[in-house]
Amino acid sequence: MGNEKHSAYDYLRHSKKFPSVWCSGCGIGVVMGAIIRAVDSMALDPNDVVVISGIGCTSRMPVYLDFNTMHTTHGRALAFATGLKLARPDLQIIAVMGDGDALAIGGNHFIHAARRNIGITSIVVNNSIYGMTGGQVSPTTPMNMRASTAPYGNIDPPFRIAELSIAAGAAFVARSTVYHSQELEKYVRMGMETPGFSVIEAVSYCHTTFGRLNKLGGAVEMMRQIKDASITKQAADKLSAEERAGRIVRGIFHHDSSRKEYTELYRAIQENAGGAELADGRIQKMEMTF
Amino acid sequence: MTTPKMMQGNEACAAGAIAAGCRFFGGYPITPSTDIAEYMARELPKHGGVFIQMEDEIAGLAAVIGASVGGVKAMTATSGPGFSLMQENIGYAAMAEIPCVIVDVMRLGPSTGRPTSPSQGDVMQARWGTHGDHPIIAVAPSSVDECFGLTVRAFNLSERYRTPVILLIDEVVGHLREKVTLPPPDQIRVLERLRPTEPPEWYKPYGSAPGDVPALAPFGSGYRYHITGLHHDEAGFPTERVDEVRPWTRRVFRKIKGNVQHIVRYEAEGVEGARTIVVAYGAVARSAREAIKIARAKRRKVGLLRLQTLWPFPTRVVSEVCRNAQRVIVPEMNLGQMAIEVERIVGDRIVRRVNRIDGELITPQEILEAMETK
Ligand code: SF4
């Protein structure tokens with residue numbers, strides 16, 4: 001633990017923006033830690049790493065990280081990231097989004113980024129609620145649960161992020177939880193190493209809204225609930241659908257590195273059109289100058 | 001490229017973008033702007049650039065801003081409905097001070113309106129479409145030649161002032177074909193954005209700077225910093241402190257207002273001693289020029305003030321040119337969006353509006369009538 005803390009410290013804008021905006025005990029920080037450790041384990045140059053987000057509690061994450069960081073408009077992180085990746089295929093781009101950001105207002109961008117299989121690692125922190133605005137129902141709120149805009153219980157079925165991502169065309173799809181921080185780190189790294197579009201769902205909790213509205217206790221209780229509800233994919237495969245209901249299934253749901261990544265495909269277009277060298281020259285000029 | 005050739009306004013706009021160094025286009029098909037996307041899809045890869053058709057106009061402009069943050073000059077093109085969808089990200093580009101060019105080939109609205117009919121209905125949307133107060137630059141070409149030239153200029157202004165720049169083309173000009181002689185590449189003045197020269201640890205992407213425009217480091221150039229749509233301090237980090245919000249607001253207004261004389265472009269014809277001045281822009285200015293030719297042949301004292309820059313509004317120019325006028329005619333393919341500005345400056349007593357919102361171009365005859373009637 002001591003060592004890990006030390007290596008993470010180098011990646012934080014510690015003198016600038018702490019303490020964070022997050023409620024104490026929130027799970028988002030665990031996801032941030034996993035991202036830092038994944039980047040660190042890959043020995044990437046922080047100058048080549050971009051963290052881009054939309055709007056919401058999770059989307060406040062980039063400001064704390066000492067990379068190239070961009071906090072965009074609600075739902076649009078992947079659309080901004082798509083332009084940046086195409087302009088600068090040399091950069092390693094991570095998009096961090098909450099469930100509402102990625103799947104409600106940003107749902108269209110999400111499926112299209114997956115369809116293109118563009119080289120962006122997207123991390124969806126799924127806490128089943130809109131935290132920042134005070135606990136409104138989200139596209140992943142389970143049925144019958146309460147939210148401030150579903151005071152009689154939610155009747156909208158939640159999106160299944162993994163299945164949606166696979167159907168839309170993502171190359172790597174995995175799920176873990178904020179309790180399983182090492183596993184989360186491993187999946188983030190695998191996502192970053194996959195050439196195409198990757199989705200890592202990090203199941204988290206929001207004790208201050210969802211927990212309070214549904215009488216689920218505080219951060220510690222909710223962390224325990226996540227731990228108890230979670231089950232590996234291998235174990236889940238042996239269960240019946242009924243037995244699986246309500247469980248958080250962790251694991252890798254899809255991993256296909258054989259499909260060509262989008263900016264590679266576009267480079268082939270530039271090559272055929274005779275402009276590939278110009279593109280390379282432009283990128284070289286853009287890289288570290290100081 | 002120096003021999004005269006027939007070109008369409010939209011095509012000349014796209015050619016101007018490439019000449020200005022635009023190497024990224026993100027957009028979504030919409031009549032009557034689609035020719036620009038098609039041209040860019042064909043030409044950009046040849047120049048080492050990138051074209052992408054996004055899932056909607058919101059994503060189109062988002063991708064453009066993303067590319068610009070990567071250090072690439074970028075553009076999108078759309079029409080009314082798509083322009084409405086882009087407003088939020090126009091606000092983002094203004095707030096984060098990211099250069100980008102947005103072409104709006106105006107069609108009759110509101111809503112789906114008449115997609116193939118011209119209008120100038122987006123003049124006020126270009127100014128006030130996004131929420132909150134921010135400065136903006138908008139230019140409006142009247143000819144195919146100017147579609148090329150003003151697009152180059154739009155990029156230069158955008159890079160120079162770190163601001164979104166809007167090109168308002170009406171459908172008449174966008175689809176007009178006429179003969180143009182494009183300048184050879186070495187005669188086109190192309191500005192590049194200022195990049196920081198100080199060490200990364202001193203870099204302030206929103207700091208005070210000469211001319212109020214701080215340098216912008218592309219992502220991946222060794223300067224790691226933060227960009228946000230939240231109000232931010234000089235380093236780009238979110239702030240709620242009044243003493244940090246206020247200087248930002250002041251600076252971004254100053255960088256445009258303080259440079260109005262460098263930004264504003266117009267053309268005045270026969271305005272000396274004229275008793276009647278026609279103030280026009282876009283395709284309507286062509287009808288106005290014709291009307292003035294006819295009127296002057298009849299020894300009427302009429303002049304034309306043709307505005308190429310609509311925002312920031314050329315208040316000084318309008319005020320000076322119209323100082324001794326007894327009548328100011330403002331013909332527009334809307335119900336008087338620019339007339340409001342002109343009236344504000346010269347007083348509504350002497351302004352005569354000529355308006356059409358039926359998808360037809362205003363004729364020289366209609367402008368002549370406004371000159372003749374009491
Ligand atoms: S509101 Fe919820 S999601 Fe947001 S910081 Fe607090 S606990 Fe975390």
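For segment B:94-111, residues that are more than 23 Å from residue B:143 (Cα to Cα) and more than 11 Å from every other protein chain (Cβ to nearest Cβ) total 5. The set of residues from segment A:117-139 being within 14 Å of the ligand (Cβ to nearest atom), more than 14 Å from chain B (Cβ to nearest Cβ), in a loop (DSSP other than H, G, I, E, B) and surrounded by fewer than 24 Cβ atoms within 10 Å (Cβ to Cβ) comprises A:133, A:134, A:135.
Picking from residues in segment B:16-44 that are more than 24 Å from residue B:81 (Cα to Cα) and open to solvent by 10 Å² or more (accessible area, probe 1.4 Å), the one that is farthest from the other protein chains (Cβ to nearest Cβ) is B:19.
More than 26 Å from residue A:272 (Cβ to Cβ) and modelled with pLDDT under 95: does that describe residue B:32?
Values: more than 26 Å from residue A:272 (Cβ to Cβ): yes; modelled with pLDDT under 95: no.
So residue B:32 fails the test.
When residue A:8 is tested against the conditions (1) open to solvent by less than 40 Å² (accessible area, probe 1.4 Å); (2) modelled with pLDDT of 95 or more, the lone failure is (2). Is it the case that some residue within segment A:31-46 is surrounded by fewer than 19 Cβ atoms within 10 Å (Cβ to Cβ), more than 16 Å from the ligand (Cβ to nearest atom), in contact (Cβ under 8 Å) with a residue 24 or more places away in the chain and not in a helix (DSSP H, G or I)? Yes, the conditions are met somewhere in segment A:31-46. If I ask for residues that are facing chain A (nearest Cβ under 7 Å) and either outside any loop (DSSP other than H, G, I, E, B) or within 20 Å of residue B:100 (Cβ to Cβ) (or both), which ones from segment B:207-222 would you list? The answer is B:218, B:219, B:220, B:221.
Total residues in segment A:47-65 satisfying the condition of being buried (at least 21 other Cβ atoms within 10 Å of the Cβ) and more than 10 Å from the ligand (Cβ to nearest atom): the figure is 13. Evaluating residue A:160 against the criteria (1) charged (D, E, K, R); (2) surrounded by fewer than 20 Cβ atoms within 10 Å (Cβ to Cβ); (3) touching a strand residue (DSSP E or B) at 6+ places or on another chain (Cβ under 9 Å) leaves one unmet condition, (3).
Screening residue B:55 on (1) more than 25 Å from residue A:281 (Cα to Cα); (2) not in a loop (DSSP other than H, G, I, E, B) shows it passes everything except condition (2). Annotation: residue A:246 fulfils all but one of (1) more than 20 Å from the chain's Cα centre (by Cα); (2) under 20 Å from residue A:93 (Cβ atoms); (3) more than 7 Å from chain B (Cβ to nearest Cβ); the unmet one is (2). Close Cβ contacts (under 6 Å, 6 or more residues apart or on different chains) running from residues in segment A:251-277 that are assigned by TED's automatic domain parsing to the domain that holds residue A:181 to residues that are assigned to a strand (DSSP E or B) and not basic (Lys, Arg) comprise A:251/A:232; A:252/A:174; A:253/A:173; A:254/A:173; A:255/A:172.
Might you check whether a residue that is touching a residue at least 12 places away in the same chain (Cβ under 8 Å) and in contact with a Cys (Cβ under 7 Å, 6 or more places away or on another chain) occurs anywhere in segment B:170-182? Steps first, answer last, please.
Applying the first criterion (touching a residue at least 12 places away in the same chain (Cβ under 8 Å)) to segment B:170-182 yields B:170-182.
Within this subset, residues satisfying the condition of being in contact with a Cys (Cβ under 7 Å, 6 or more places away or on another chain) are B:173.
There is at least one residue in segment B:170-182 that is touching a residue at least 12 places away in the same chain (Cβ under 8 Å) and in contact with a Cys (Cβ under 7 Å, 6 or more places away or on another chain).
Yes/no per residue for (1) among the aromatic types (Phe, Trp, Tyr); (2) more than 16 Å from the ligand (Cβ to nearest atom); (3) within 16 Å of the chain's Cα centre (by Cα):
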| residue | (1), (2), (3) |
| --- | --- |
| A:160 | no, yes, yes |
| A:171 | no, yes, yes |
| A:179 | yes, no, yes |
| A:222 | no, no, no |
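Here residue A:81 meets the list (1) closer than 15 Å to residue B:71 by Cα; (2) assigned to a strand (DSSP E or B) almost entirely, failing just condition (2).
Residues that are facing another protein chain (nearest Cβ under 9 Å) and open to solvent by 40 Å² or more (accessible area, probe 1.4 Å) within segment B:223-246 comprise B:224, B:230, listed in sequence order.
Filtering segment A:193-210 to residues that are over 17 Å from residue A:29 (Cα atoms), open to solvent by 10 Å² or more (accessible area, probe 1.4 Å) and either part of a strand (DSSP E or B) or away from the ligand (no atom under 13 Å from the Cβ) (or both) leaves A:193, A:195.
In segment B:265-374, which strands (runs of 3 or more DSSP E) lie fully inside it and hold 3 or more residues that are surrounded by 20 or more Cβ atoms within 10 Å (Cβ to Cβ) and either modelled with pLDDT of 95 or more or of a type outside the set (A, V, I, L, M, F, W, C) (or both)? Spell out the reasoning first.
On the way: elements: B:266-269, B:276-280, B:302-307, B:309-311, B:327-332, B:351-355.
Strands (runs of 3 or more DSSP E) meeting the threshold: B:276-280, B:302-307, B:309-311, B:327-332.
So that you can scan it fast, the table gives a plain yes or no per residue for (1) surrounded by fewer than 14 Cβ atoms within 10 Å (Cβ to Cβ); (2) not small (Gly, Ala, Ser):
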position	(1), (2)
A:225	no, yes
A:229	no, no
A:235	no, no
A:244	no, yes
A:252	no, yes
A:268	yes, no
A:272	yes, yes
A:275	no, no
A:280	no, yes
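What is the number of the single condition among (1) more than 20 Å from residue A:112 (Cα to Cα); (2) open to solvent by less than 20 Å² (accessible area, probe 1.4 Å); (3) more than 15 Å from the ligand (Cβ to nearest atom); (4) more than 8 Å from every other protein chain (Cβ to nearest Cβ) that residue A:93 does not meet? The failed condition is (1). Taking the numbered list (1) aliphatic (A, V, I, L, M); (2) open to solvent by less than 30 Å² (accessible area, probe 1.4 Å); (3) away from the ligand (no atom under 16 Å from the Cβ) in turn, residue A:143 passes all entries but (2). The set of residues from segment A:181-191 being hydrophobic (A, V, I, L, M, F, W, C) and crowded, with 24+ Cβ neighbours inside 10 Å comprises A:184, A:188.
From the set of residues in segment B:322-344 that are within 21 Å of the chain's Cα centre (by Cα) and among the aliphatic types (A, V, I, L, M), which is farthest from residue B:268 (Cα to Cα)?
Step one: filter segment B:322-344 for residues within 21 Å of the chain's Cα centre (by Cα), giving B:330-342.
Subsequent filtering for residues that are among the aliphatic types (A, V, I, L, M) retains B:330, B:333, B:335, B:338-340, B:342.
Working: B:330: 14, B:333: 21, B:335: 24, B:338: 17, B:339: 18, B:340: 20, B:342: 15 Å.
Among them, the one singled out is B:335.
From the list B:70, B:91, pick out the single residue that is at pLDDT 95 or above, within 13 Å of another protein chain (Cβ to nearest Cβ) and surrounded by 24 or more Cβ atoms within 10 Å (Cβ to Cβ).
Numbers: B:91 fails: surrounded by 24 or more Cβ atoms within 10 Å (Cβ to Cβ).
Going through B:70, B:91 in turn, just one is at pLDDT 95 or above, within 13 Å of another protein chain (Cβ to nearest Cβ) and surrounded by 24 or more Cβ atoms within 10 Å (Cβ to Cβ): B:70.
The values are calculated or read from the model by the stated rules, or taken from the named source; none is laboratory data. The model shown is predicted, which means the values in this text are computed figures rather than measured ones. Quick reminder, even Gly has a Cβ in these numbers, built from the backbone with ideal geometry, and neighbours come from all protein chains shown. Calculation scope for accessible area: heavy atoms of the full protein, side chains included, ligands and nucleic acids excluded. Shrake-Rupley method; radii C 1.70, N 1.55, O 1.52, S 1.80 Å.
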